[in-house]
Amino acid sequence: MKSVLLAGGAGFIGSHLADRLLKRSDVERLVVVDNLWTGLRENLAHIRDARFTFVRSDVESFQSPCMFDEVYHLASPASPPWYMQEPERTISANLLGAFRLRDLLLPGGRFCFTSTSEVYGDPLVSPQPESYRGSVDCTGPRSSYDESKRCTEAFLFESQRMRGLDVRVVRLFNVYGPRTREDDGRAVSNFIMQALNGRPVTIYGDGMQSRSWGYVDDIVEGLERFFWRDPIEHRRPLNVGNDREIPVIDVARHICRLVPGARITHLDPVPQDPTNRRPDLTVANRVLPGWTCHIPYERGVALTLKWFRSQLTSDYTAMSA
Ligand code: UDP
């Protein structure tokens, strides 16, 4: 039986992972630690399971009376406006969080980490294989996130080399879906919230910059398989994402078609906004045979829109109750 620690489990992706961890019959205890900086307690409010404990704490200073068989490190903001506002805290959560979590791991335990396609920066090759070393500005506006993810990868793979630590690292590409914060600030949720609230849908620059948008259920299925379900020999970073690359403007237009009356406005481009991003899934196809992003962005966006609508309705009901 496994004792599991999930850092960042009240967040968007973390809470989906918590649900899947609790489906495992070999998990005897799941501790979620989250400081609720970008995570939300309500993402876990539906959980009724005696094996589950929530602790509100920074990951770096998390105190635990016991050690764990598995740790999952998802404790970090992922949205540019959030991490740019508190860059030192972002670096600390990722890197010092990894140091702290490694200390809480039992001998022979497993350390799983969600890294990011941001390690590729503004890529000069497309699609990006895991072997691509990236084009990142280590003093640029995104550096607190990009470089702390990169350094945490370095820390983990050196721990693997020096101490034989069992490490699983994924690099995620623009994940979206239910349980994104309303004020998250990333593209899909921003566009949906703006459209639903009758505000202009804000495109930074011309909108021709592109991303590979992965619906959260598909992505978390990949995480589950890589982190614990499949017998995995692969001990290097793994791209997990949708390899269909779509310009930002197309996503915005699609959302405007779904919400009558919505309209687009163009704002100044964001400094050092990556122009493109697309995973090379050659390794993923070998390591996770049959895994793929089944949900095209057209359907994923519609599902996310439906979820945001239901949230707005329940907020309204709560306010008028
Ligand atoms: N973006 C935009 N308007 C918004 C939010 C984002 O045009 O209101 C653009 C942003 O400039 C970037 C892309 O959408 O080119 C994806 O941004 P997001 O913050 O979702 O993710 P990231 O930049 O980290 O890939």
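The values are calculated or read from the model by the stated rules, or taken from the named source; none is laboratory data. Because the structure is predicted, anything quoted here is derived from the model rather than measured. Cβ atoms come from the backbone with ideal geometry, glycine included; neighbour counts cover every protein chain shown. Quick note on the areas: whole protein, heavy atoms, side chains included, nothing else; ligands and nucleic acids left out. Shrake-Rupley method; radii C 1.70, N 1.55, O 1.52, S 1.80 Å.
With GLU158, GLU118, GLU153 as the choices, which residue is open to solvent by 20 Å² or more (accessible area, probe 1.4 Å) and modelled with pLDDT of 95 or more?
None of the other options fit; the residue is GLU158.
For ASP166, which of the numbered conditions (1) in contact with a Gly (Cβ under 9 Å, 6 or more places away or on another chain); (2) buried (at least 20 other Cβ atoms within 10 Å of the Cβ) fails to hold?
(2)
Return the pairs, sorted by first residue and then second, in which the second residue is assigned to a loop (DSSP other than H, G, I, E, B), the first residue lies in the range 7-18 and is free of Cβ contacts under 8 Å to residues at least 60 places away in the same chain, the beta carbons are less than 8 Å apart, and the residues are 6+ apart or on different chains.
Once the first residue is free of Cβ contacts under 8 Å to residues at least 60 places away in the same chain and sits in the range 7-18, its partners that are assigned to a loop (DSSP other than H, G, I, E, B) give ALA10/LEU36; ALA10/GLY39; ALA10/LEU40; ALA18/GLY9; ALA18/ILE47.
Condition first: in contact (Cβ under 8 Å) with a residue 60 or more places away in the chain and charged (D, E, K, R). Can you find one or more residues in the range 73-96 that meet it?
Within the range 73-96, not a single residue is in contact (Cβ under 8 Å) with a residue 60 or more places away in the chain and charged (D, E, K, R).
Can you go through ARG278, ARG286, ARG299, ARG257 and tell me which one is under 17 Å from SER212 (Cα atoms), open to solvent by 20 Å² or more (accessible area, probe 1.4 Å) and either touching a Gly at 6+ places or on another chain (Cβ under 6 Å) or away from the ligand (no atom under 13 Å from the Cβ) (or both)?
Matching residue, one of ARG278, ARG286, ARG299, ARG257: ARG299.
Among the residues of the range 137-156, how many are touching a residue at least 24 places away in the same chain (Cβ under 8 Å), over 18 Å from the mean Cα position of the chain (by Cα) and more than 18 Å from GLU60 (Cα to Cα)?
Residues in the range 137-156 being touching a residue at least 24 places away in the same chain (Cβ under 8 Å), over 18 Å from the mean Cα position of the chain (by Cα) and more than 18 Å from GLU60 (Cα to Cα): 3 in total.
Just the residues that are surrounded by fewer than 23 Cβ atoms within 10 Å (Cβ to Cβ) and closer than 30 Å to ARG236 by Cβ, please, taken from the range 185-205.
Within the range 185-205, ARG186 is the sole residue that qualifies.
Scan the range 218-229 for residues that are among the charged types (D, E, K, R) and surrounded by 16 or more Cβ atoms within 10 Å (Cβ to Cβ) and jot them down.
ASP218, GLU221, GLU224, ARG225 - these are the residues of the range 218-229 that are among the charged types (D, E, K, R) and surrounded by 16 or more Cβ atoms within 10 Å (Cβ to Cβ).
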